[in-house]
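These notes are about the structure you will find just below.
Coordinate-derived values only; no laboratory data. Treat the numbers as computed from the prediction; the structure is a model and nothing was measured. Counting neighbours? That spans all protein chains shown, and the Cβs are built from the backbone with ideal geometry, glycine included.
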Amino acid sequence: MKRLLTLALASALAVSLCACGTKTDIPKGEEPPHVMTVVDYTSDYTIYRHDKTGVLYFCYFCQDAAYGKSVCVMLSPDGTPYVEEAEP
């Protein structure tokens with residue numbers, strides 16, 4: 001159980017650190033490349049799929065908290081990240 005919790009926390013930390021804004025050299029007027037695709041969403045949550053790895057991420061919007069977004073990796077029953085292949 002500790003290993004699963006550690007993996008989930010480490011993954012959430014990695015996602016949050018990677019999501020920080022950085023300066024890019026994208027020419028003005030061009031769209032940046034997409035890294036994540038929305039797989040499913042409601043008013044409370046969104047599920048994203050990483051385009052290169054296929055790993056699914058769950059983003060929950062907590063309406064009770066002042067800054068209420070939580071992001072975590074979705075895990076398979078065996079504790080590994082859940083991977084969904086991209087549709088052709």
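For a paramagnetic label modelled at 7 Å from the Cα of residue 82 toward its Cβ, which residues of the stretch 28-44 fall within the zone defined by backbone nitrogen distances under 19 Å?
36-44
Take peptides 35-42, 55-62 and line them up by average Cβ neighbours within 10 Å, highest first, as a rough protection proxy.
Highest to lowest by the protection proxy: 55-62, 35-42.
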